[in-house]
Each structure stands twice: as structure tokens, then as C-alpha cells.
Amino acid sequence: MSTRTITREEAIRLTKEFFADVDALRVEETGSYYDEDALCQFGNQPIVQGKNEIKKLLADWYDLFDSMYHDNQTLNLDAEENTIITSQLVEYVIKAHGDKNPVVIPSMSYMKLAPSCNGGKWKFIDFRVYFDTSPIFKKVMTTSS
């Protein structure tokens with residue numbers, strides 16, 4: 001397996017496709033972007049390692065929402081390091097909450113890619129989302145009380 005760096009066009013396509021699967025709350029499809037031993041972290045939650053553990057995290061996370069939408073603002077690419085950094089505003093509509101107004105949170109995603117494109121698909125080896133999850137959990141708690 002030879003190594004190569006991702007191009008800007010590939011990075012744009014990858015992030016569009018990835019966030020489309022995330023916004024559709026599709027666990028299997030979203031999970032397919034991760035390498036077998038990948039790391040993943042949302043906000044200040046613990047780091048999760050391994051594709052299966054990440055898919056469990058995604059299933060639990062997605063179960064909180066009726067819908068999610070990422071409005072991607074910027075994309076920065078460090079091609080030498082095969083790293084993509086995006087900023088976005090994310091709208092979350094909390095499941096089973098009478099108030100369908102979304103919680104909107106600014107976030108930044110750090111995506112470190114495997115050193116090669118395996119089978120025509122880039123895989124994340126490290127994925128971190130930097131955002132304040134407290135507004136989400138505050139609204140979830142008002143739903144469950």
C-alpha cells in the first residue's frame with residue numbers, strides 16, 4: 001500500500017459526503033469512514049477507539065436527535081499531514097421535545113486521515129469535534145424530566 005496525500009478536491013468531496021451521512025443520522029454509513037483502530041472524540045466526552053466502539057458512540061449520539069444539519073463554513077487542508085479541519089454551525093433538533101427549534105452550536109472538526117486511500121475511500125484515523133455539548137444536554141434533560 002503506497003502512501004499519498006489527499007487533494008483539496010478530494011477533501012471537499014469527502015467532507016460533503018461524510019456530513020451528508022452524519023446529517024441523515026446513518027450509523028453504518030458514517031461508521032464506514034473510520035479506520036478499524038480510529039480514535040474519535042465529541043467535545044469533552046471520553047476518547048473512543050475502534051470502528052465498532054465509534055459506531056456505538058454514533059448510535060447513542062444520533063438517538064438523541066430528530067434531525068441534525070451541518071452548515072460547513074470553512075475547510076482547511078494540511079495535505080502534508082493528510083489532515084482536514086472544518087468549522088461549521090450545527091443545528092440539532094432534540095428527539096421527543098415539544099420545541100422543534102434547533103439548538104445551534106458552532107463547532108470545529110479535526111480529521112486525520114490514514115496515509116493512503118484504501119479501496120478508493122479515505123478513512124479517518126483520528127476524528128475530534130470541538131464544541132460545547134452542554135446546550136444539547138440541557139435541552140435533553142428538560143425533555144426527560
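Computed over the chain, the alpha-carbon pair-distance distribution with 10 angstrom bins reads 11, 42, 34, 10, 2, 0, each value a whole percent. Normalised by the number of residues in the chain, the mean separation of alpha-carbon contacts (under 8 Å, six or more apart) gives a relative contact order of 25 percent.
A Förster radius of 22 Å combined with the Cβ-Cβ distance from Lys121 to Met141 puts the calculated FRET efficiency at roughly 0.05.
Compute the accessible area per residue over segment 29-145, keeping the other protein chains in place, probe 1.4 Å, unit Å².
Working: 5980 Å² over 117 residues.
On a per-residue basis, 51 Å².
Over 18 Å apart at the Cα level, from the set Lys51/Lys139; Lys56/Lys139; Lys16/Lys138; Lys16/Lys123; Lys100/Lys138, are Lys51/Lys139; Lys56/Lys139; Lys16/Lys138. Angle of helix 134-144 to the longest C-alpha principal axis of the chain, folded into 0 to 90 degrees and rounded to 10: 40°.
Taking amide H positions as modeled 1.01 Å from N, with prolines and chain starts lacking one, the residues under 5 Å from Ile94 and 5 or more places away or on another chain are Asp66, Val103. Overall shape: oblate for segment 22-104, with the ratio a/c of the largest to smallest alpha carbon gyration tensor axis at 1.5 or above and b/c at least equal to a/b. You can think of it this way: the chain between Thr7 and Gln49 has 12.5 nm of extra reach, that is 0.36 nm per residue less the Cα-Cα gap. Rounded to the nearest 0.05, what FRET efficiency do Ser134 and Leu89 give with R0 = 25 Å and r taken as the Cβ-Cβ distance? Could you check? After rounding, the FRET efficiency stands at 0.90.
The values are calculated or read from the model by the stated rules, or taken from the named source; none is laboratory data. As the structure is a computational prediction, the values presented were derived from the model and not from experiment. Neighbour counts run over all protein chains shown; Cβ positions are idealised from the backbone, glycine included. Note: areas computed on protein heavy atoms with side chains; ligands, DNA, RNA excluded. Shrake-Rupley method; radii C 1.70, N 1.55, O 1.52, S 1.80 Å.
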